Each structure stands twice: as structure tokens, then as C-alpha cells.
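Have a look at the structure below, then the notes.
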Amino acid sequence: MRFTKAMAIPTYRWPRGVRTGLWFLLIALCCVPFADLEVSSLDPWTDLGRLLQGFISPQLMEPTLVIEALLATLAFAFAGVALAVVCGFLLALAFHHPLMRGFCALMRSVHELFWALIFLQFFGLHPLTGLLAIAVPYSGIFARMFAEILDQVPKQPGYALPARSGYLSALFYTRLPLAWPHLVSYASYRLECGIRSSAILGFVGLPTLGYYLESSFSQGYYPEVAALLILFYLLVATKKLWLRRWTLPVFIIGSPFFMGEGMPIIWGNVWRFFSQDIVPSPLRGSDPTWQSFADWSSNILLEQALPGIWNTLILSQIALAVTGIFALCLFPLISRHCFSAAGRMPGHILLVIARSTPEYLLAYILLQLLGPSMLPAVIALAIHNGALIGYLTGRNSNEIQLRLSAPERRVDRYCYELLPRTYPAFLSFMLYRWEVIMRETAILGILGIQTIGFFVDSAIQEIRFDVALLLIVIAAMMNIMVDMIARRIQQNVSR
Amino acid sequence: MFRILVRGLLLMLLTGAVNAAPVFVFTAIPDQDETQLKLRFQKIADYLQEELQTEVRFVPVKSYAATITAFRNNQVQLAWFGGLSGVKARELVPGSIALAQGIEDPEFKSFFIANSSTGLMPADSLPESVRDLTFTFGSKGSTSGRLMPEYYLRETFGESPNDVFSRVGFSGNHSRTIALVESGAYQLGALNYKVWEAAVADGNVDTSKVQVIWETPTYPDYQWTLRGDMDAVYGEGFSDRVQQALLKMTDPELLRSFPRSGFIPASNDDFEPVRKVAKAVGLLD
């Protein structure tokens, strides 16, 4: 016994962060056998070919319609994000309160398309539906980020204030000026997300780009699809040119005029929605019994919620792992330690296109091409999020100074220098993105993949808003839980 | 002075609200390719505006549910519904009435279509060999693309479609169902027989790649449904005038876009069979 003990070699333990990453990879691999990853369309290449041909000869549909759709896309994005900045800032001031924290978590854990589907039921196709669908979740997101930014501001200037300075003076004279640049840069990043969200809202009937994308696509008019997509990329890519300090107020003030007229709001509908529609149907009758309510809820849980949750988990874990692999492969493309300025150009273009295409749209396109299974969803989530994280990681890698002894060969430099040194940042981006991927996975159900969004959509199609709301709340709880777990892991890793 | 101004303003607002007859808005279930629907219903809007002497507007929506919701929310007053969506809408809006249906609608049917790679041939019943193939419905809320096919599948196999087929999808509309079965994305599909016949007649479908393998027994389907409170808003006898306008639509071009050979009166009771089937399948409470 003593002999073996003396001979024991000190075992190497992988760093905590690497182990975390490998665990995620292992979980994803375990999910694969349960996932439906089949290519079910007989001939995906013909359709893909037709789509690419569309890009070679794009064809604009009626220009006035397109311009209206573009303006509406911008209008919803600007108005929604502007409203969310104001609300989010106010909420951020009270963010230390646990109740407020929970409230904001709930707002942001429900996807903007779900919000749109909820508002559609009582506002109908009114601009307010689109405006709130963006403003509500974004307020929750802003509240959290703004609160974090304000917390990280150095405290020293506050100590220099006169003893009886009020809360507002402290805020306006010490914290806000220091936090301002960060607030602005975050809001500007969110505006880009807002344009994407706004475009997607067209899929449920609002007059933005998605409306025409969906109808052209579902009819197989690929040249029109290509033209609309090219326009969308141009819009996002040229943001720096048309979005200036002085144009911003013009856009925000002008936006209400370009949201389309929609249909008038009837307030009785709003009241009916909250007082009847979302009350569980067994409780609506004159003599509700607990038995009927229990039957109703257990039925929904077993038949819809559980399969939905299961598929959402499976799909999002696989997508998360593939996203990570994608990001690690992509980030060197824009790293100054791997390519010259000119050499990085193609990488930049690729990443901009991939990350500005909303995953919902990508999944929609891939579903048409590959047929209905989880595969198109995994690819779509991985392309969009992988490009985003690849971009952030690449930017992070540009900030590091190489050691003098860093390897010369690019492959060695990547493996032994860049990868280890950017990995912690990469992992924290991934952990942050986990919840987003989960939220997107749920929403992709609307396209027919049987995640929880599929059952929400079915309930809405059957005009069972009580069921739909229950499922949306369940999806929200899942997101909140994943968010909490991700944060716990993050704390553990960085300890 | 100020009080007079306020009163004047209020009065203006009130009279304005009373005088301007609200725009009469209608919609339709998006059961086919959108371009076709837009063409069809813009013509109908022009026709109704002429006949009813009031401003008429068509609003396109993206889903069957959105049609029902808009009708229920009184954001549209008239709708071209399918059997199931009409039953649901009338249940949600007490007093609303089925006004007119196509001549073909009392005896509507669904076609089951199959990709030629399956080797399936037309038959008098659904063969056992469709088991474990992939299958697509149309929209989740469609009568001829979902409800009736599901009902007959359950009747034939005694199981839910999910258990019969290896994969069950929802294409979204009848045109998509044809496209998906033709391309082989799904091996089987079920759809509105009128849409199929129109697509074949227009040469929009390659019948060497996809063909009809079974047709369902007949059932009542599409109808125009109007909210019940219209006479109070647009004047006495308005509902009758809408019905008359629909019934005397004879312009072949208008009718062909549906495609129906004409319209006949309908009543809520005509759709009782659809309601029963929907209850049996679990799509209605």
C-alpha cells in the first residue's frame, strides 16, 4: 500500500473554466440521441440553388411597399427602444429591490414575439402592439444592464458631495456623468437588436420587413426574398452613416408616423382579455371545482408543457455547444494576431452578415430548405450566436498583448496563446448567451419545431389564451432559471 | 371664453364621431398564397363598396387565429371563414350570423395527396401502407387542411395522426402543402380540394411528382360571417344588404378568384356537423 502511494503521480486537474466547457459539450453530446436531426426534404440543394440564384438576380417588389416596410421597421425599432431606454432607466434606479428584480426578469424572459402575440389578442394589428412588444422586454433588459453599469461607477466622487446632498443630486452629478458613455454604447448596441426584432415582428402580421419576407418566401419568390434581405443588411451595415447624434431625435420623433395605421383599439377587448380570456377555462364557469382545474392543468402539463420543455432543453443545449464551437473557429478570422488588416476584411463581412441575420429568419429559411427537424434550428442558432460570440471574442483577443515567446506559426499561436488567453472571456459570453439561446429555441416552435413555442402557437390558433399564457409563463420560468444557473457558474468559474 | 372653446371642441368631436360612418372592414382566412388572396379580396372590397355605398376596406392577416380574433375584437365586421374558424368565431361573438356560402361549400371535401416516391395510388380508402410516412396538414386552424383530415385519420386508424405517421407537420396553408409534398419535404399531405383543382388547372403543380390518393366524404366548409350588431351601426337593413350583395355576385372574374360558381344563403345551423367533429377531435371545448 505504502509503495503505491509513494509512486502516485500528481494528477493534472483541468482549469475550472475548461472543465465547465467540457461539461457543456458532454451534455450536448448526451442530448444528440434524443434530438430529431434528420434532413427530411428530398432535394435541399435545388431550393438552396434557387435561393442563391435569387441573390444573383434580386428583384424588388413594389418599391412603395418596400419603402413603407423599411420605414416601419425602423420606426418600431426606434420608438420601442427609446421607450425602453426611458422605462429601463427608471426601473434601474429601483433595481436593488428584489421584487423589482423579479419583475424585470419576467419582462425580459418573455420573447418579443410572445409579447407581440399577447398584445395582438387585445390591441389587434395596432402600432401599439409592435411598440410594446419591443419596449416591454427591452425595458427589462435595460433595467438590468443600466443597474449594473451604474453600480460599477467609481464611488469616490460621491464622497466629495456635501453631506446633505439628495439621491437625485448624487445621481445626476456623480454617477450618471461617469456611466454615460457606457449607457450610450449599450443603448446603441440594443438599437441594432431592436431593428432585428422589429423586422421579425412582421412574421405575425405587423407591417415591417418580416411581413413581406414571409409572404415572398412562402410563395417561393426567391429573387424578392434576396432583394429584401440585401436591403436589410444594407440598413444594418450603414447604421453608422445615417445614425448620428443629430439624426437620432428626428428618427424618434418621426417614428410614430411610419408605423402604419393598423386597426383601431377597442378598450373593451383589453378588459375582456384580462378578466375572461386568460382565466383558466375550468374556473370561468359558474361553479368552478378544484377537480376540474387540476385535470385541466395536469393535462396541459403532461401533453404540452413537458414535451415542449424537453425539446426546448435538448435543442438549446445542442445549439449552445455548436455555437461555442462555431465561435471558437470564427474568432481568429477577425483577430489581429492571425490576419493582417486586409486579411480580416472577409471575416468581418462574414460575421456582420451572420450576426445581423435574426436566428428566427435563418431558421425559417433553413426549415424550408432542409425540411422540418431540429437540425435547421441548431444551425440557425449556431450561425447567428456563433458569429456574435466570435465577434466579441475576436475583439477581446485584439486587446491582449502577445507574450514575447508566443509561437510564430498561426496554428500554434491560436492553440497555445490566443485560445487559453481569450477563453475566460469566451466562456462568460457563452454563459450570458445561454439564456438568449434558450429563449430563441422556445420561440422557434412557432415555425413548427416542437419546442414550447409550438404549443403556445397551437393554443393561440385554437383561441385558448389561458393555455397559451400558462405555457408562456412556463417558458419564462425556464429562462429565469437558466439565467440564475449561468450566473452561479460564472461566479464559480471566476472565483 | 375658454369654456366656450372647450364646449365647441367637444361638440365637434362628438358630431364628428357620429357623422362619419365607420369604415366597414372585412378579412379572410389566409388559406392560400398571399398574392392570390390580395388580388381576390381587393376586387371584393371594390365590389362591396359599390354595392353598399359605404367605405369598405380589406385587411390581410397572417393566421387563421388572427382572423377570428380581429372579428371577435370588432376590428373587422365581416369575414370569409372556413368551417371551423366560422364556428369558433360565431361562438365567441354571440349574435353573429353565417350569411352566405359558395355553391360548392355544403359538399366540400379534402384531398390526401402523396409524393410519387411513395408509390401510392388513388384508392377508395386510406391504405394501411401510409403508416410511418411523413405527413403535413395545412394550417393548424384549417377545416379542410386539418380538422377533417385529422377526423378521418382517427376514424380509419383509431389513433392520433402523431401515432400513425413518423412525422406530422403544419405547412401553414394549402398552397404550401402542395409545394412541400411535391418537393418531398413531406411524403403525404391533406388539403382543400378546390385549391388543388385550381393549382392543377393553372399548371402550378407537377402531377408527375404528386397526386391525389384519396378524397374524404363531404362536409360543409367556407362561409361569409357577419357580426350581429351591424344594423345599429350602419343603418337598418344593412345585414340584409350585405347578404344580397354577396348572393348576387355573378361576375365570373370575381367568382373564379375564390374559386366558386356562385354564392347561396347559409345559416349557423348548416355548420353544426363541423362543430361536432371539432369537439370530437378536441379542437373545441
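General remarks:
- Number of the condition not met by A:LEU161 [criteria: (1) touching a Ser or Thr at 6+ places or on another chain (Cβ under 7 Å); (2) within 14 Å of chain B (Cβ to nearest Cβ)]: (2)
- For segment A:62-78, the criterion of being more than 30 Å from A:PRO137 (Cα to Cα), assigned by TED's automatic domain parsing to the domain that holds A:ARG144 and not charged (D, E, K, R) is satisfied by at least one residue.
- Selection of segment A:436-452 for residues being under 20 Å from A:ALA133 (Cα atoms) and either within 11 Å of another protein chain (Cβ to nearest Cβ) or in contact (Cβ under 8 Å) with a residue 60 or more places away in the chain (or both) yields A:ILE437, A:MET438, A:ARG439, A:GLU440, A:THR441, A:ALA442, A:ILE443, A:LEU444, A:GLY445, A:ILE446, A:LEU447, A:ILE452.
- Scan of segment A:218-260 for residues that are over 27 Å from A:HIS384 (Cα atoms) and in contact with an Asp or Glu (Cβ under 9 Å, 6 or more places away or on another chain), ordered by number: A:PHE258, A:GLY260
- Single residue of segment B:16-30 satisfying the filter (in a loop (DSSP other than H, G, I, E, B) and over 22 Å from B:ARG260 (Cα atoms)) that is farthest from the other protein chains (Cβ to nearest Cβ): B:ALA21
- Among the residues listed as A:LEU168, A:LEU178, the single one being farther than 30 Å from B:ASN74 by Cβ, in a helix (DSSP H, G or I), assigned by TED's automatic domain parsing to the domain that holds A:LEU243 and at pLDDT 90 or above: A:LEU178
- Selection of segment B:221-274 for residues being of a type in the set (A, V, I, L, M) and either within 24 Å of B:TRP196 (Cα to Cα) or surrounded by fewer than 18 Cβ atoms within 10 Å (Cβ to Cβ) (or both) yields B:ALA232, B:VAL233, B:LEU247, B:MET249, B:LEU254, B:LEU255, B:ILE264, B:VAL274.
Okay, residues lined up against (1) surrounded by fewer than 22 Cβ atoms within 10 Å (Cβ to Cβ); (2) more than 14 Å from B:GLY228 (Cα to Cα); (3) among the acidic types (Asp, Glu):
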site	(1), (2), (3)
B:GLU55	yes, yes, yes
B:PHE81	no, yes, no
B:SER96	no, no, no
B:PHE111	no, yes, no
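- Only listed residue being without any contact (Cβ under 8 Å) to a residue 60 or more places away in the chain, within 21 Å of A:THR46 (Cβ to Cβ), crowded, with 16+ Cβ neighbours inside 10 Å and not small (Gly, Ala, Ser), chosen from B:THR134, B:THR177: B:THR134
- Residue that is within 14 Å of chain A (Cβ to nearest Cβ), within 20 Å of B:VAL274 (Cα to Cα) and among the aromatic types (Phe, Trp, Tyr), where the choices are B:PHE58, B:PHE108, B:PHE112, B:PHE137: B:PHE137
- When the helices (runs of 4 or more DSSP H) confined to segment A:347-425 are screened for residues that are buried (at least 24 other Cβ atoms within 10 Å of the Cβ), those reaching at least 3 such residues are found at A:359-370, A:374-399.
- Number of residues in segment B:94-149 that are of a type in the set (Asp, Glu) and touching a strand residue (DSSP E or B) at 6+ places or on another chain (Cβ under 9 Å) equals 3.
- A:LYS240, sole failed condition from (1) under 30 Å from B:ASP163 (Cα atoms); (2) away from chain B (no Cβ under 14 Å): (1)
- The residue that is nearest to B:ALA28 (Cα to Cα), among those in segment A:187-207 that are assigned to a helix (DSSP H, G or I) and within 14 Å of chain B (Cβ to nearest Cβ), is A:VAL204.
- Taking helices (runs of 4 or more DSSP H) as the structural unit, those lying wholly within segment B:31-96 and holding at least 1 residues that are of a type in the set (Asp, Glu), in contact (Cβ under 8 Å) with a residue 12 or more places away in the chain and closer than 19 Å to B:SER171 by Cα correspond to B:34-52.
- Selection of segment A:272-283 for residues being in a helix (DSSP H, G or I) and surrounded by 12 or more Cβ atoms within 10 Å (Cβ to Cβ) yields A:ARG272, A:PHE273, A:GLN276, A:ASP277, A:SER281, A:PRO282, A:LEU283.
- Among the residues making up segment A:18-45, a single one is part of a helix (DSSP H, G or I), without any contact (Cβ under 8 Å) to a residue 60 or more places away in the chain and within 14 Å of chain B (Cβ to nearest Cβ): A:TRP45.
- Flag for A:LEU48 being aliphatic (A, V, I, L, M), in contact (Cβ under 8 Å) with a residue 24 or more places away in the chain, outside the structural domain of A:SER185 (by TED's automatic domain parsing) and surrounded by fewer than 18 Cβ atoms within 10 Å (Cβ to Cβ): yes
- Of the residues contained in segment B:155-170, none is found to be buried (at least 24 other Cβ atoms within 10 Å of the Cβ), within 13 Å of chain A (Cβ to nearest Cβ), in a loop (DSSP other than H, G, I, E, B) and touching a strand residue (DSSP E or B) at 6+ places or on another chain (Cβ under 9 Å).
- Among the candidates A:ALA363, A:ALA387, A:ALA380, A:ALA342, the residue that is free of Cβ contacts under 8 Å to residues at least 24 places away in the same chain and either outside the structural domain of A:TYR233 (by TED's automatic domain parsing) or touching a Gly at 6+ places or on another chain (Cβ under 7 Å) (or both) is uniquely A:ALA342.
- Qualifying residue in segment A:471-491 (condition: touching a Pro at 6+ places or on another chain (Cβ under 8 Å), touching a residue at least 24 places away in the same chain (Cβ under 8 Å) and under 28 Å from A:GLU303 (Cβ atoms)): no
- Residue selected from segment B:171-192 under the condition outside any loop (DSSP other than H, G, I, E, B) and farther than 15 Å from B:GLY145 by Cβ, by the criterion farthest from the other protein chains (Cβ to nearest Cβ): B:GLU182
- Residue in segment A:453-481 that is nearest to the chain's Cα centre (by Cα), counting only those that are among the acidic types (Asp, Glu) and assigned to a helix (DSSP H, G or I): A:ASP457
- One residue stands out in segment A:255-297 among those that are of a type in the set (Gly, Ala, Ser), touching a Leu at 6+ places or on another chain (Cβ under 9 Å) and farther than 19 Å from A:ILE118 by Cα: the one that is farthest from the other protein chains (Cβ to nearest Cβ), namely A:SER255.
- Here B:PRO220 fulfils each of the conditions (1) free of Cβ contacts under 8 Å to residues at least 40 places away in the same chain; (2) more than 14 Å from chain A (Cβ to nearest Cβ) apart from (1).
- One residue alone among B:VAL205, B:VAL195 is under 30 Å from B:LEU52 (Cα atoms), surrounded by 19 or more Cβ atoms within 10 Å (Cβ to Cβ) and within 14 Å of chain A (Cβ to nearest Cβ), and that residue is B:VAL195.
The values are calculated or read from the model by the stated rules, or taken from the named source; none is laboratory data. Everything numeric in this text was worked out from a predicted model, so none of it was measured. Neighbour counts are summed over all protein chains in view; Cβ atoms, including those assigned to glycine, are modelled from backbone coordinates with ideal geometry.
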